[in-house]
Amino acid sequence: MESNQILSLRTIPTDPEYVKVIQWEDFQHDLARLASLSSTLDESKEKKRNLHHKLESLIQVNVESLGQLNELEEMRQKLESKKVVMENMSIRYRLAKEDANKQEEQLSGAVQSLLVAGGALSVCSRNLQVSLSYFF
């Protein structure tokens, strides 16, 4: 493993374009700057993790909310269809009641006619009996 490290150290390009020379006087300043940047990066990563967890929680709440909205919409649709069925039944009931009232009126008239005819028949029957009693 050490040979790999040595190889990797030997393969680092030494092209002046990739090399930054730091003066010894500026080394502590640059080191403090790098430490500060590293600390800021760590803080940013921690904030990112916290935001990620918060977003996951919010997404989960949103998913649950959407699920409940879908359930409510299904319930609303079922209620609406039952409402339509009830309206249809109410219309059929009203029409049936109107028909029953018409039939009742017709039957009432027929009963009245039958009562009058029955009364007339009764009178005729009595008259016939009286007439027959004279013959016998």
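Flag: Gly67 does not match the condition of being at pLDDT below 95 and over 30 Å from Ile22 (Cβ atoms). Scanning the stretch 31-64 for residues that are within 30 Å of Lys20 (Cα to Cα) and either touching a Pro at 6+ places or on another chain (Cβ under 7 Å) or not hydroxyl-bearing (Ser, Thr, Tyr) (or both) yields a count of 10.
Scanning the stretch 73-121 for residues that are under 35 Å from the mean Cα position of the chain (by Cα) and of a type in the set (Gly, Ala, Ser) gives Ser81, Ser90.
The values are calculated or read from the model by the stated rules, or taken from the named source; none is laboratory data. Everything numeric here is computed off the predicted structure, so don't read it as measured data. In this analysis, Cβ positions are derived from the backbone assuming ideal geometry, glycine residues included, and neighbour counts consider all displayed protein chains.
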